[in-house]
Every structure is written in structure tokens, then in C-alpha cells.
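Step one of this worksheet: look at the structure below.
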Amino acid sequence: MRKKNNVVAYFFLFPALIMFVLFFIYPNLEVIYLSLFKWAGISPKKTFIGFYNFQVLFSDLDFLKAVFNTLMIAFQSMVVQVPMALILAILLNKKMKGNGTFSTIVFLPMVISLVAVGIIWRWLYDPEYGAINLILGKIGLQGLQHAWLGDVNTAFLSVLATINWVYIGFYTVIFMSALKGISPEIFEAAKVDGFNEFQTTLRIRIPMLKETIGVMFIMCISGSFKSFDLIWVMTGGGQVNSTEIVTTYLYRMAFRRMESGYASAISVTIFLICLVLIALQLKLMKITAQE
Amino acid sequence: MSICFNRKEKRQLNDYFLWKRKRNTFFHYSFLSFYAIIVIFPIFWVLVNSLKDNLEIFQNPWALPNIYRWSNYIKAWYEGNIGSAFFNSVIVTIISVVIVGLVASMAAYSLSRLQFAGKKTIFYLFLGGMYVAPVTSLIPLLKLLRNLNLVNTHWGLIFPYVAFALPLSIFIIRSYMLGIPKTVEEAAIVDGVAPFQLFWKIMFPLSLPSVYTVVILQIVYIWNEFLFALVFLRTSNKFTLPRALQVFQGSFITEFGPLNAAVLLAAIPTIIIYIIFSERIRNGMAIGFSSNE
């Protein structure tokens, strides 16, 4: 019995659809149209300039620097956050006392407002009164004391450390649930074969979690194209764009320099990158479903 | 072939395994404790120093406060506009999550139970919405809100919040509804429940666990949302907490005590909700990535 039930179905869908179309789909489509204009945002006057915004964009060194920084955040997440999360997940999945509490703590930063996190870490990095410099002073490493966020050379690394502090817990939780999906007999067999923890991880866990890790890598990229709050609060883009990422650059163009047409072109670029990533991710997740 | 050990060898072997277990346990707890300290320390540091004045902070940042200066919290609450922002956040968050809970479960009902033209398209539209960055629609959204006269109003935040919360929420509730056996509804139809009432009388009450997950998750997300609040709100009497916090940071940059108090006031509600519902929140946030559909 597969009767179509259009009236009832659309009755229940109607509120969600109207909200979604008006405040999600329509803006995401209109931005494509807006990207073809020179437009200051507040004034009604728009001048059609075709794809000129995109031409300028791809030779705009500041934008390319922002793209580079964004991709560096993504890459760093892949090589630091994901492996660290895997180690934590393996430990937390063991039946040991206290693991429930540890799991709660590891994920805790994910629920705190990123503005609050940014302010907390800004203070930790404070050159005079920040905890990090104070600790370095106490243990006799005065030489390493530093204006962490103020120095062009360390600002980006400092922001990365904070990003790791927030997101490692997130990937840990995903790994924990994925690891539970591997049947325990495989680990028994590995034990019989004399594998130690490290070998088990390398030869069994990682190959079994291939798809999960693939999805995570995509998350790292799409996440870095979404993040805004932390960097905006901690450095506002930093000196000589040292910590500028695509989203902060977009914000600056749209609401500080009033180049809304140009900023729309940046939006379209981010949107297209997201689309490619969604396609990849859905494909990966389907592969998992079929196996 | 069997291997025989004499007593001494057995004892040595036993000792070896015992030692190995101890070593593993030691590694386990030292690694996790080390990481837990890294996570907790910044929060603890803010807590301790939220109760001191500047002089105490500069002279002895490590010590517990001599006098607990709760006045820092009062200063942040009244002078720093955190109090009014707190109420604004409560209003915006509650209205948004109530709408999301209702609207998303209705849509999830259609998408999980009913057959209709365009079902696949609509499902993929919502699914794709889970991954689009909110920042891309910022400029047209502001234009739209201006045309609707909603800039600098709470409804101007609530509508976009609901729209952006829908994809994940529908996804979670729909998955849950797919797991409810169809026989439940068939029995209800036999009992004379009309098709329109099936949702309110049967499916909605039965899927409440997933609706709770959605509501709790969205409380955390919406409470913490900053970008829309930054662009769509203009005057401080409308600010939500993250927005007020950011302005507060600019004006109280030299007063560490009240600044720390303000940070904690903004963070504590979600921390408490997380401690109560930690399992639900962790699984909810990870849901879009581990579920294979």
C-alpha cells in the first residue's frame, strides 16, 4: 500500500518549508545575484558588473592569504585534532573507573560560547598577566615569554591551540561511537595474534574507521570555512592579516568597508566549496551504508 | 604440544603481566588526567580570578581570593549590561527552540511516514542545509530583515535561528520516527483515530525523546550563537549574551574581575545543561556524522 498523501504531507511540512525557503534557501540564492553587482550594502544603488567581482577576488592577495590560513586550520585539525581524538577515544572506551567523568570533561569546551572561550584565552595569552607567561616565568623559561597574540609569528599558532582545545572533544565523541561499532571478536583475535595496543590501532582500528576518518577530514575543511567567532574575538584578523580567515575577511568587506557586492562574491565561493564537500561527504557516508 | 612452567616461572610470568597492567593503568590515568587539566584549567583560572580585584590579580594570580568579591558579578550584571542580555538570551532561546521542536517534528512526520510528490527533493534540500555555512547568507539575510522591518528585533534573530536549526533537527527526529513500528499507527487507525490526528495523538508523543534531544541541542547552539547577533542587532538593550560579552570585553578590557564574572555568567547555563544531559548532548552533536543513511 503506497498511497500518496499530498495534502496531509504538505500540511505538516508547510511551517518548516516556509521558514526554510524564506530564511535559508532564498538568501543563499540571492547572494549569487548580488555577487554580480558593485553595491555598498546600505544604498539601494547597484551597478551591474558581471563577473568582475570574481576576477578581482582571485587576484586579491589578502583574500588568497585568508584562504591559505583557512586551509591551514583545516590541515592542522587533520594532523593534530583527529589523531589526538583517536587516542583519547581508545582510552575512554576502555572499561576503567572514572572514564565517564573524563568523557564529560573532554567534551566540555564544545558547549561554551566561543565568544567566552575567545575572551578566556585572550587573557591566558596576555603578555603581562596571562597564565601562560606566568607559568613560563615560574618554571624558569622566561626566554619563551611572549606577546602570543600580538606577535605576527605566534598569533596564528596561538589561535590554533585554542581551536584544538575546543574541538578535540568533538572528534573524540565521534570516534568513541564509531569504535563501539567494531565487533569485539576482532580485538580478541588481535590479542591472540600478539598485537599490542599500537599495532592494533595501526592495523585494525584505523583501517576499520577509514570512512569515519574520511568524513572527519571533510568536516575539518568545512568547519574551517564556517568558523568565525573565535578568531574575530581573539585577534579580529590580526596584524598584517596574520590570522585572517575567509569568513572574517568576508565580514570585514561587507560591514566595515561596505563592499557588499564583493563580499557576496566571497560568499558564493564559500558556498561552492561547501557544496563540493557535501557531495563528497554524502558519497563517503553512502559507501559506509552499503558495506 | 603443551608448555609447562615450574612454579618460579609462573610467578615471574604473573609478575610480568601484573607489571604490564600497572604500567597501562598508569599511562591511562596520567594521560587522561593531563588532558583533563588542560581542559579544566582555563575555566578554573577564570573562576578564581572573577572574585578578585585588579590589584589582587596582578599581585597573586594563583592564590584563592582572600575576600570573595561578588561585587564583580553585580557590576557585570548591572553596569556591564550582562543582566539585560541574559534575559534577552533566555527569551530568544526559548521561543526559538519551542518553534523548532514543533515545526521540525511536524516536518519529520511527513518525511518519515507519508508518501508525497517531491519527497526526495525536499529531504535532500534539508539534508544539504546541515552543511552550508551560515556566513554565506549573511548579506541577503540582512537585506531581507531590513525589508521585513525586523533588523534589531528579537524576531529578526529567531526566524533565522529556526531556519538554520531545522535541517539537523528534522534529521534527528526523522531517524527516530523511522524506528517506530508502523503497527502502532495501524492499530490507532483501527481504533478510529483520523489521519490528521495520528501525528498529535500517536507520533508526536512517541517521538518525544528525540524532540528533547533536539531542544537541548538547540538551546546550547542558540544560546551561544554570535554571528547573526553581531550583524542583526544594533542597540545594547536588544543584545544577546555573546554579543553583549563581546562589547563588554571592549569596554571593560582593564577590569579583569568583572570581565571574568561576565564570561562565567554567559557560560554557566550551558555548562549546567551539559552536566545534566551530557550523554544526550554528546550523542546529538555527533549524530550527523556517525549515522549511516
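Readers should treat all values here as calculations from the given coordinates under stated rules, not as data from a laboratory. Everything numeric in this text was worked out from a predicted model, so none of it was measured. Here the Cβ is made from the backbone with ideal geometry for all residues, glycine too, and neighbour counts use every protein chain on show.
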List the lysines whose alpha-carbon lies under 25 Å from that of residue A:65, not counting same-chain residues fewer than 8 positions away?
A:38, A:226
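What does the average come to when, for each residue of peptide B:28-37, you count the partner chain Cβ atoms lying within 10 Å of its Cβ?
Details: counts 8, 5, 0, 4, 12, 3, 0, 10, 7, 1.
Mean inter-chain Cβ contacts per residue within 10 Å come to 5.
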Could you calculate the contour length gain from residue B:12 to residue B:201, that is, 0.36 nm times the residue separation minus the distance between their Cα atoms, to one decimal place in nm?
61.3 nm
Scoring only Lys, Arg, Asp and Glu (+1, +1, -1, -1) among other residues with Cβ under 15 Å from the Cβ of residue A:149 yields -3
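Give me A:226, A:180, B:8 sorted ascending by neighbouring Cβ count inside 10 Å, so fewest comes first. Before the final figure, lay out the partial values.
Values: A:226 21, A:180 11, B:8 8.
Taking fewest neighbouring Cβ atoms as first place, the list is B:8, A:180, A:226.
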Report ³J(HN,Hα) in whole Hz for each residue of the stretch B:182-198, in order, from the Karplus equation J = 6.51 cos²θ - 1.76 cosθ + 1.60 where θ = phi - 60°; Gly and Pro get x.
5, 4, 4, 5, 4, 4, 5, 5, 4, 6, x, 7, 5, x, 5, 7, 3
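Evaluate the charge dipole of chain B about its Cα centre and quote only its size in Debye, nearest 20, assuming +1 on the Cβ of each Lys and Arg and -1 on the Cβ of each Asp and Glu.
860 debye
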Report the one residue of B:29, B:49, B:19 whose Cα lies farthest in the direction of the positive end of the charge dipole of the stretch B:7-49 (charges on C-beta: Lys and Arg +1, Asp and Glu -1; origin at the Cα centre).
B:19
Which ³J(HN,Hα) values, rounded to whole Hz and listed in residue order, are derived for the stretch B:140-149 from phi using the Karplus coefficients 6.51, -1.76 and 1.60 in 6.51 cos²θ - 1.76 cosθ + 1.60 with θ = phi - 60°, glycine and proline given as x?
x, 5, 4, 4, 4, 4, 5, 5, 8, 6
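Based solely on its DSSP helices, what 222 nm [θ] is calculated for chain B when runs of n ≥ 4 H residues each add -39,500 (n - 2.57) and the sum is averaged over all residues, nearest 500 deg cm²/dmol?
Here the helix-only value at 222 nm equals -24000 deg cm²/dmol.
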Across the residues of A:161-173, average count of Cβ atoms on other protein chains within 10 Å?
2
Computed about the Cα centre, the charge dipole of the stretch B:7-49 from +1 Lys/Arg and -1 Asp/Glu charges at the Cβ has a magnitude in debye, to the nearest 20, of 520 debye
Calculated from backbone phi, Karplus (6.51, -1.76, 1.60) coupling profile of the stretch A:132-149 in Hz, x at Gly/Pro
5, 5, 5, 5, 4, x, 5, 8, x, 10, 3, x, 8, 4, 6, 8, 3, 8
Starting from the amide H of residue A:243, placed 1.01 Å from N in the peptide plane, find each other amide H under 5 Å away whose residue is 5 or more places distant or on another chain.
A:238
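What is the average number of partner chain Cβ atoms found within 10 Å of a Cβ in B:107-114?
Working: counts 9, 3, 4, 10, 4, 0, 4, 11.
For this peptide, the per-residue mean of nearby foreign Cβ atoms is 6.
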Using alpha carbon centroids, what distance separates the stretch A:248-276 and the stretch A:151-195, in Å?
33 Å
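For every other residue with a beta carbon closer than 12 angstrom to the beta carbon of residue B:143, add +1 if it is Lys or Arg and -1 if Asp or Glu, then tell me the sum. Don't jump to the answer; show the numbers that get you there.
Numbers: positive: A:46, B:146; negative: A:30.
Around residue B:143, the surrounding residues sum to +1.
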Please sort B:274-283, B:155-164 by packing, taking for each peptide the average over its residues of neighbouring beta carbons within 10 angstrom, highest first.
B:155-164, B:274-283
Going Cα to Cα from residue A:94, which lysines come in below 22 Å? Please leave out same-chain ones fewer than 8 positions away.
A:180, A:191, A:210, B:20, B:22
Under 5 Å from the placed amide H of residue B:115, counting only residues 5+ away or on other chains, we find A:5
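Counting other beta carbons within 10 Å of each Cβ, put A:285, A:78, A:216 in order, fewest first.
Details: A:285 20, A:78 16, A:216 23.
Neighbour counts put them in this order, fewest first: A:78, A:285, A:216.
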Can you tell me the dipole magnitude for the protein assembly as shown around its Cα centre, using point charges on the Cβ only (Lys, Arg +1; Asp, Glu -1), in Debye to the nearest 20?
1060 debye
Just to confirm a number: summing +1 for Lys and Arg and -1 for Asp and Glu over residues other than residue A:39 whose beta-carbon lies under 14 angstrom from that of residue A:39, what do you get?
+4
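Order of A:85-98, A:24-37 by packing, highest average Cβ count within 10 Å first? Provide the component values of the computation, followed by the final result.
On the way: A:85-98: 17.2, A:24-37: 19.4.
Per-residue mean Cβ counts within 10 Å order the peptides as A:24-37, A:85-98.
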Considering only C-alpha atoms, what is the centroid distance from the stretch A:84-149 to the stretch B:131-163, in Å?
34 Å
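Could you list A:124, B:264, B:47, A:141 so that the one with the fewest beta carbons within 10 Å of its beta carbon is first and the one with the most is last? Spell out each step's value before the answer.
On the way: A:124 24, B:264 20, B:47 16, A:141 11.
The fewest-first ordering by Cβ neighbours comes to A:141, B:47, B:264, A:124.
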Dipole check, the protein assembly as shown, charges on Cβ (K,R +1; D,E -1), about Cα centroid: among B:256, A:186, A:55 the Cα furthest to the positive pole belongs to A:186
Using the Cα gyration tensor of the protein assembly as shown, with a ≥ b ≥ c the square roots of its eigenvalues, what is the shape: rounded (a/c below 1.5), prolate (a/b larger than b/c) or oblate (neither)?
oblate
Burial order of peptide ranges B:169-177, B:143-151, A:5-13, A:56-64 (average beta-carbon count within 10 Å, highest first)
B:169-177, A:5-13, B:143-151, A:56-64
Hey, can you grab everything whose amide H is under 5 Å from the amide H of residue A:37? Only 5+ residues off in sequence or another chain; H modelled, so Pro and N-termini drop out.
A:49
